[in-house]
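Each reported figure results from applying straightforward, stated rules to the coordinates on display, with no laboratory input. Note that the structure is a prediction, hence the values are computed from the model and not measured. No Cβ is skipped: glycine too gets one built from the backbone with ideal geometry, and neighbour counts run over all protein chains shown.
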């Protein structure tokens, strides 16, 4: 036996022990990472869910936390809102929302089971969302004025699909009808995709839906025509499409996807998440990932987001009352 063999054995044992020790330390570090839960009020694969996961990945890298995305679909995001209210401080809960959840849901439900101002803390807006009025490319309507003239002559041309009953899109149609003094009839669908599919197939005369990749693909293939865009100014993706305001129809166009925290969240963690969310927009990779899913990055801080929601709630609340919408 070589005199070096015992030394080699000792060295091997030491290396193994060190490796085990490092593994244990690494395991403990992974377990010690704080976990942040992101609630999403829509199913996996939906646009809100996709962006929530992009945001979650970026937040995880920024803060060194574990992220768990928990989907709670149902009632237009109401169930997720209620889950945020019930969140404990230890659950470190966030809610990734579309504006419908914090603007329209409280307006169209008698007892929503949550209070936006008491139970939810704004963290930041992540993207803008633009709703648009769309017709089949075979329609003679080329703008809102000619669309209104068509509805006067053919009342069924005023039947328009919307993503869900009580969606802001429904009341956008109401505002258009009031402005041009024509009768608009909302037809609720379960999401915007089936409404757009029916529009392409000629089962519905028009739709007011988020102007997303689904609409864009049919516009590019010449099957649909966008008559008006719910934006402050014309957007780069569709520069030839005028806004509602350009055509005389005035209404808030602050639709968005954003992040709220549970009111129960620990103040220091809330501060860290709020600051990290702001800094994410300095990261080109984050911007690229948002743009890759056909969304427009548009950060707004907590105070600005609070003002956007208040302004929208005041205007759309009035439309809900004037239209005699049956509150659920």
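Table for the structure above
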{"read-out": "Full-stretch length increase - residue 61, residue 275 - with 0.36 nm per residue and alpha-carbon distance subtracted", "value": "75.7 nm"}
{"read-out": "Percentage relative contact order, region 131-247, counting C-alpha pairs under 8 Å, at least six apart", "value": "36"}
{"read-out": "Folded to 0 to 90 degrees: helix 5-32 orientation relative to the chain principal axis, Cα", "value": "30"}
{"read-out": "Convex hull volume per residue in cubic angstrom - Cα atoms of region 225-328", "value": "163"}
{"read-out": "Full-stretch length increase - residue 178, residue 86 - with 0.36 nm per residue and alpha-carbon distance subtracted", "value": "29.1 nm"}
{"read-out": "Principal-axis tilt of helix 144-153 within the chain, Cα atoms, nearest 10 degrees", "value": "50"}
{"read-out": "Residue order, fewest to most beta carbons within 10 Å, for 149, 318", "value": "318, 149"}
{"read-out": "Alpha-carbon centroids, region 112-128 and region 63-103: separation in whole Å", "value": "10"}
{"read-out": "Segment residue 318-residue 233, length gained on full extension (0.36 nm per residue, minus Cα span)", "value": "28.2 nm"}
{"read-out": "All-pairs Cα distance distribution in region 131-247, expressed in whole percent, bin size 10 Å", "value": "15, 53, 31, 1"}
{"read-out": "With Cα atoms, 0 to 90° folded angle of helix 267-280 axis to the chain main axis", "value": "70"}
